[in-house]
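The values are calculated or read from the model by the stated rules, or taken from the named source; none is laboratory data. Computed from a predicted model, the values in this text were never measured in an experiment. Please note: Cβ atoms are built from the backbone with ideal geometry, for glycine as well, and neighbour counts cover all protein chains shown. Just the protein is used for accessible areas: all its heavy atoms, side chains included, with ligands, DNA and RNA removed. Shrake-Rupley method; radii C 1.70, N 1.55, O 1.52, S 1.80 Å.
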Amino acid sequence: MIPVAALLTLVILAPEATPPAGALAPVEASRILDEALRGESIRILAELTDGVGPRLAGSPGADAAVRWAVDWFRARGITVRVDPVMVTHWVRGEERAEVVASKGRRSQPLAVTALGMSAPTPPGGMTAEVVEVRSLEELAALGAKVKGRIVLFQHDMKDASGYGKFAGLRLRGPAAAARQGAAAALVRSLSSATLRTPHTGATLIPEGVKAIPAAALSVEDAELLHRLLARGPVTVRLVLGGRLADPPLAPSANVVAEIRGSEKPEEVVVIGAHLDSWDLGTGAIDDGAGVAMVLDTMRIAASMPRPPRRTLRAVLFMNEENGAEGAVAYHETSLAAGTRHVAAIEADAGAGRPTGVEVTSGEGGLEAVRAMAAPLAALGASDVKAGGGGVDISPLAYAGVPLLSLAQDNSHYFDWHHSAADTFDKVDPRALAEAAAAFAWMAWALADSPVPLPPAPIPSTPPWWKRAAP
Ligand SMILES: [Zn+2]
């Protein structure tokens with residue numbers, strides 16, 4: 001453990017890093033950081049990943065996670081409730097694929113896994129010729145030529161920066177292919193590394209579109225199909241059993257825990273992460289790490305000699321991965337209750353070491369967060385940039401709530417993201433503890449700062465949960 005207190009004193013006394021007079025007590029920053037760096041976060045993560053396991057929304061694992069989280073808060077004397085929410089209930093089935101033998105080519109298996117919302121193939125599977133595209137525009141240009149075919153969405157994601165660039169192929173590709181009469185879709189895994197593991201993820205099926213079988217393909221097998229297609233037609237046989245359950249929605253819950261503010265309890269700072277995970281791994285980096293950071297923050301805040309000025313509210317959202325119903329339900333419930341959110345910070349960026357803080361707020365917000373984040377210089381994480389947020393807190397933007405997130409080292413995040421390899425062993429305890437420390441301090445600073453952040457401008461785009469997916 002680093003003795004942060006010593007470093008911290010220097011940082012706090014540096015003139016350019018001095019927070020506004022009387023704002024936040026340096027002694028509290030040092031206490032919070034030191035407490036998080038003791039490393040309780042990795043023990044919390046082990047309970048969730050190794051004890052509860054995979055937590056796909058609607059599954060028994062997700063139910064177990066809700067019970068585990070409630071018990072965790074209760075055992076520490078922290079007020080907790082469950083807010084019921086109906087979630088998309090999709091279940092995985094049998095899944096396999098192979099290149100069909102042809103002249104001069106033997107059959108060989110392909111590593112596939114169904115995407116969320118995929119329809120099943122007929123029980124015996126389906127066989128069709130593959131057509132490769134690299135963009136939705138390229139697909140559109142093919143028009144009816146993809147009818148009855150398997151559309152392969154090819155790309156060249158190399159590192160974390162490629163995720164934003166190519167995620168649209170997975171999110172929108174299968175529905176677009178369905179509209180053009182395709183029989184199925186294969187999406188090259190959105191991954192920065194792979195040991196032939198397919199990476200699943202959400203795909204959007206707008207109303208009026210009939211889902212087709214859709215699967216992620218390992219990077220190696222996407223390369224194989226690309227090479228084979230360069231030599232001539234390729235036929236693939238696909239068996240996918242994944243389907244929406246009957247009924248397609250299942251009861252679940254957000255878990256909401258609170259430490260009541262001492263001076264302005266009606267003003268609420270939300271700290272959020274998502275409790276669900278994909279089913280292939282145990283959701284250690286996505287988003288067990290975030291859950292561990294949120295829980296550790298609450299543990300530390302509850303252990304302080306006094307509560308923060310404002311209410312600190314932990315929200316463990318349900319089904320960020322395959323419908324985001326928990327995010328919408330929390331927003332609607334709090335609107336109906338007239339909740340005054342003054343800030344929300346989300347942890348859904350893995351378990352890498354923290355590098356800074358991101359914020360979306362009104363005029364002067366960046367400077368205010370810079371002052372708050374000054375103690376994080378001890379962790380090399382005091383760099384403050386515009387652009388904070390996250391899927392689960394994003395609906396709060398429509399109420400003008402300032403949104404924040406930690407910036408974290410994500411150089412390996414997409415090696416394992418949404419794959420069977422997202423497991424506990426990928427997490428470096430020290431990096432997670434540092435991320436938890438940065439998160440806990442920002443949460444405390446937001447809840448305890450005498451002046452709240454300036455409200456953010458309301459987004460000009462319509463709420464994503466109200467518009468039909470394109
Ligand atoms: Zn996530």
* Considering each of Ala257, Ala230, Ala214, Ala253 in turn, give the residue that is away from the ligand (no atom under 16 Å from the Cβ), surrounded by fewer than 21 Cβ atoms within 10 Å (Cβ to Cβ), at pLDDT 95 or above and aliphatic (A, V, I, L, M). => Ala230
* Return the residue satisfying two criteria in turn: it lies in region 336-345 and is open to solvent by 10 Å² or more (accessible area, probe 1.4 Å) and under 28 Å from Leu366 (Cβ atoms), and of such residues it is nearest to the ligand (Cβ to nearest atom). => His341
* When the residues of region 242-256 are filtered to those that are over 20 Å from Gly173 (Cα atoms) and either outside any strand (DSSP E or B) or small (Gly, Ala, Ser) (or both), which remaining residue is farthest from the chain's Cα centre (by Cα)? -> Ala245
* **Among (1) among the acidic types (Asp, Glu); (2) in contact with a strand residue (DSSP E or B) (Cβ under 9 Å, 6 or more places away or on another chain); (3) touching a residue at least 60 places away in the same chain (Cβ under 8 Å) - the single one Glu207 does not satisfy** => (2)
* Report yes if some residue within region 140-155 is touching a Lys or Arg at 6+ places or on another chain (Cβ under 6 Å), open to solvent by 70 Å² or more (accessible area, probe 1.4 Å) and not acidic (Asp, Glu); otherwise report no. => no
* Does any residue of region 232-241 turn out to be of a type in the set (Gly, Ala, Ser) and more than 30 Å from Ala97 (Cα to Cα)? -> no
* Is it fair to say Val294 is farther than 20 Å from Leu275 by Cβ and not small (Gly, Ala, Ser)? -> no
* Working only within region 104-121, note down all residues that are part of a loop (DSSP other than H, G, I, E, B) and open to solvent by 40 Å² or more (accessible area, probe 1.4 Å). => Gly104, Arg106, Ser107, Met117, Pro120
* Asked: Of the residues that make up region 49-61, is at least one over 26 Å from Gly173 (Cα atoms), within 26 Å of the chain's Cα centre (by Cα), open to solvent by less than 20 Å² (accessible area, probe 1.4 Å) and not hydroxyl-bearing (Ser, Thr, Tyr)?
  -> yes
* Asked: Out of all the residues in region 449-470, is one or more crowded, with 24+ Cβ neighbours inside 10 Å and in contact with an Asp or Glu (Cβ under 8 Å, 6 or more places away or on another chain)?
  -> no
* **Which numbered condition Trp465 misses (of (1) under 16 Å from the mean Cα position of the chain (by Cα); (2) within 21 Å of Ala399 (Cα to Cα))** => (1)
* Those residues that are small (Gly, Ala, Ser) and either within 15 Å of the chain's Cα centre (by Cα) or within 13 Å of the ligand (Cβ to nearest atom) (or both), I need them from region 290-303; list them, please. => Gly290, Ala292
* Among (1) part of a helix (DSSP H, G or I); (2) within 16 Å of the ligand (Cβ to nearest atom); (3) under 27 Å from Ile458 (Cβ atoms), the one test that Thr333 misses -> (2)
* To do: Please verify whether region 306-323 includes one or more residues that are touching a residue at least 40 places away in the same chain (Cβ under 8 Å), in a loop (DSSP other than H, G, I, E, B), surrounded by fewer than 23 Cβ atoms within 10 Å (Cβ to Cβ) and within 16 Å of the ligand (Cβ to nearest atom).
  => no
* Here is a list of conditions, (1) open to solvent by less than 20 Å² (accessible area, probe 1.4 Å); (2) in contact with a Phe, Trp or Tyr (Cβ under 9 Å, 6 or more places away or on another chain); (3) not in a helix (DSSP H, G or I), and Arg170 meets all of them except one; can you say which number that is? -> (3)
* When you scan region 64-103, how many residues do you find that are touching a Phe, Trp or Tyr at 6+ places or on another chain (Cβ under 9 Å) and open to solvent by 50 Å² or more (accessible area, probe 1.4 Å)? -> 1
* To do: Mind listing whichever residues of region 262-289 are more than 16 Å from the ligand (Cβ to nearest atom), open to solvent by 10 Å² or more (accessible area, probe 1.4 Å) and touching a strand residue (DSSP E or B) at 6+ places or on another chain (Cβ under 7 Å)?
  => Lys264, Pro265, Glu266, Glu267
* To do: Being away from the ligand (no atom under 16 Å from the Cβ) and farther than 18 Å from Ile271 by Cβ is the filter here, so list the residues in region 346-357 that pass it.
  => Arg353, Thr355
* Filter region 358-407 for residues that are acidic (Asp, Glu) and either open to solvent by less than 10 Å² (accessible area, probe 1.4 Å) or in a strand (DSSP E or B) (or both); which is nearest to the ligand (Cβ to nearest atom)? -> Asp392
* Asked: For region 333-376, which residues satisfy the criterion of being among the small types (Gly, Ala, Ser), closer than 21 Å to Asp296 by Cβ and out of contact with any Lys or Arg (no Cβ under 8 Å at 6 or more places or on another chain)?
  -> Ala343, Ala344, Ala347, Ala349, Gly350, Gly352, Ala373
